[in-house]
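Just below is one structure, and these are the notes that go with it.
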Amino acid sequence: MLKNVLLKSIYEKRWGTLVWFLAVLFNTMLITALFPTFKEAFGKSLNDVPESMKAFLGDSSNYQNIAGYVDIQVVAQMVFLTIIMSVIVGSGFIAGDENNKTLQSLLAQPVSRNKIYLQKLGALVAINIIVVASIAVGVYFTALVLGEQISLLRVIQSNIEILVITLLFGIGSFSLGAIIGKRALAGSVVGGLAFLTYMISALAVGIDKLRQIDTISPFHYFNKPSVLQNGIDYSNLLLIVSLSILIALIGLLVFNKRDINN
């Protein structure tokens, strides 16, 4: 039996992590492989698409090069799949253990709450890194098969961007679960918030009244400008990372004081 909470947590999630890795990898490769079809048949038909829809579909210029296509169809769309994964896994680590009555047994051992919280958080980060890495692998190698040129550095940078926004919501569900001890509620609240803020940022392009609200959405700072075409905006990245750290610290403080039995 693994005595280290970090390694034990990763080990227990090994099959789920593998399934998510393969699912995200397959979807990424499938979408990337469709680039030639989109470039020829779909790109030119987007000139008259309303601005509000271009947030989802892009414009014709996006479909004339692999980086623009991947930016719209992979980076902007696949991120929600990784967020779903992260919210599910994050809400299961402490709140899930508490609901299953295994957290109480763990707390009875000579191990501090700080250690349990931080090592389970570390396991969440490790699982997210593994799963999100499948996007970079899928994009780069599918592009090579298609004979398309795409910067490996920019692919890795866009992967970092996806990882950071994914972890924000994963840590959110993890911390909320540690605060309230209810897995389903924590996952539902954070998942609903992720969907709401995603839609606000997507629709704010064409709806003026949403633009001010959009500034408090994490997606307002995600992949803007396009990382694949411009590189990382480190100020936006730092903002999301800082928010994740703040949420994790709040969760730790409350978890340390909360009566688990109640």
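The values are calculated or read from the model by the stated rules, or taken from the named source; none is laboratory data. A quick note: this is a predicted structure, and the numbers were derived from the prediction, not measured. So basically every Cβ, Gly included, is an ideal-geometry build from the backbone, and we count neighbours across all protein chains shown.
Can you name the residue in the stretch 138-149 that is surrounded by 17 or more Cβ atoms within 10 Å (Cβ to Cβ) and hydrophobic (A, V, I, L, M, F, W, C) and is also farthest from the chain's Cα centre (by Cα) among such residues?
Among those residues, the one meeting the criterion is Ala143.
So, in the stretch 205-232, of the ones that are assigned to a loop (DSSP other than H, G, I, E, B) and over 21 Å from the mean Cα position of the chain (by Cα), which residue ends up farthest from Ile156 (Cα to Cα)?
Selected residue: Ile207.
Working only within the stretch 11-26, note down all residues that are modelled with pLDDT of 95 or more and either of a type in the set (Lys, Arg) or within 14 Å of Ala136 (Cβ to Cβ) (or both).
The answer is Phe21, Val24, Leu25.
The conditions are (1) more than 26 Å from Val70 (Cβ to Cβ); (2) at pLDDT 90 or above; (3) over 14 Å from the mean Cα position of the chain (by Cα), and Ser235 fails exactly one of them. Which is it?
(1)
Report whether or not Leu210 is of a type in the set (A, V, I, L, M, F, W, C) and surrounded by 15 or more Cβ atoms within 10 Å (Cβ to Cβ).
Judged against the criteria, Leu210 is a match.
I'd like to verify a number: residues in the stretch 1-41 that are part of a helix (DSSP H, G or I), closer than 19 Å to Gln119 by Cα and not aromatic (Phe, Trp, Tyr), how many?
Within the stretch 1-41, residues that are part of a helix (DSSP H, G or I), closer than 19 Å to Gln119 by Cα and not aromatic (Phe, Trp, Tyr) number 10.
The conditions are (1) among the small types (Gly, Ala, Ser); (2) out of contact with any helix residue (DSSP H, G or I) (no Cβ under 8 Å at 6 or more places or on another chain); (3) more than 28 Å from Asp259 (Cα to Cα), and Ser188 fails exactly one of them. Which is it?
(3)
Mind telling me which of the residues Ser244, Ser226 ends up being modelled with pLDDT under 95 and within 23 Å of Ala136 (Cα to Cα)?
Just one listed residue meets the conditions, Ser226.
Might you check whether a residue that is part of a loop (DSSP other than H, G, I, E, B) and surrounded by 17 or more Cβ atoms within 10 Å (Cβ to Cβ) occurs anywhere in the stretch 184-204?
Checked the stretch 184-204: at least one residue is part of a loop (DSSP other than H, G, I, E, B) and surrounded by 17 or more Cβ atoms within 10 Å (Cβ to Cβ).
Picking from Leu118, Leu81, Leu106, which residue would you name as being within 29 Å of Ser226 (Cα to Cα), surrounded by fewer than 24 Cβ atoms within 10 Å (Cβ to Cβ) and out of contact with any His (no Cβ under 9 Å at 6 or more places or on another chain)?
Leu81
Scan the stretch 150-158 and give yes if some residue there is closer than 26 Å to Gln73 by Cα and surrounded by 24 or more Cβ atoms within 10 Å (Cβ to Cβ), otherwise no.
The answer is yes, given that some residue of the stretch 150-158 is closer than 26 Å to Gln73 by Cα and surrounded by 24 or more Cβ atoms within 10 Å (Cβ to Cβ).
Against the conditions (1) more than 22 Å from Gly16 (Cα to Cα); (2) touching a Gly at 6+ places or on another chain (Cβ under 6 Å); (3) of a type in the set (A, V, I, L, M, F, W, C), where does Ile94 fall short? Just the number, please.
(1)
If I ask for residues that are basic (Lys, Arg) and either over 23 Å from Glu161 (Cβ atoms) or at pLDDT 85 or above (or both), which ones from the stretch 35-80 would you list?
Result: Lys39, Lys44.
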